[in-house]
Amino acid sequence: MTLRTATDLLEDATYPATTDDLCAAYGEVRIEHPTGEERLGDVLERTGDDEFADATAAVHAVYGAVGQDAVGRVGYSDRDPTPMGVDGPEPVSF
């Protein structure tokens with residue numbers, strides 16, 4: 001399932017919830033990426049949080065811990081300018 005659909009499942013959990021609680025309930029859910037997939041339980045374990053106060057905290061933690069394959073091209077943004085004093089990525093022509 002998609003990352004969005006997988007995180008929608010976290011809305012149904014009872015909070016506060018521990019990482020172990022969420023892994024027991026949803027750990028085997030597979031999140032599909034453009035180049036593969038990973039278990040929601042593996043993502044939850046990478047969050048570094050022991051307990052989530054509410055669904056929003058759990059969803060934000062998952063979005064922060066999901067593998068780079070789920071978020072597209074690394075280092076690419078067509079919205080944010082490169083800050084002054086920082087060498088940005090090399091331009092890519094499509």
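For this structure, a couple of remarks:
- Long-range HN-HN contacts of Thr18 with modeled amide H, under 5 Å: Phe52
- Cα-only radius of gyration and Dmax that characterise the stretch 3-70, units Å: 10.7, 33
- The 3J(HN,Hα) values that the Karplus relation (6.51, -1.76, 1.60; θ = phi - 60°) gives for the stretch 18-23 are, in residue order, 8, 4, 4, 4, 5, 5 Hz. Gly and Pro appear as x.
- Under the combined filter of DSSP loop state and at most 10 neighbouring Cβ atoms within 10 Å, the stretch 18-69 retains these GluC sites (Glu not before Pro): Glu28.
Read-outs throughout are calculated quantities, based only on the coordinates presented, and are distinct from any laboratory measurement. For clarity, every value in this text was computed on a predicted model and none was experimentally measured. For neighbour counting, all protein chains shown are included, and Cβ atoms are generated from backbone atoms with ideal geometry for every residue, glycine included.
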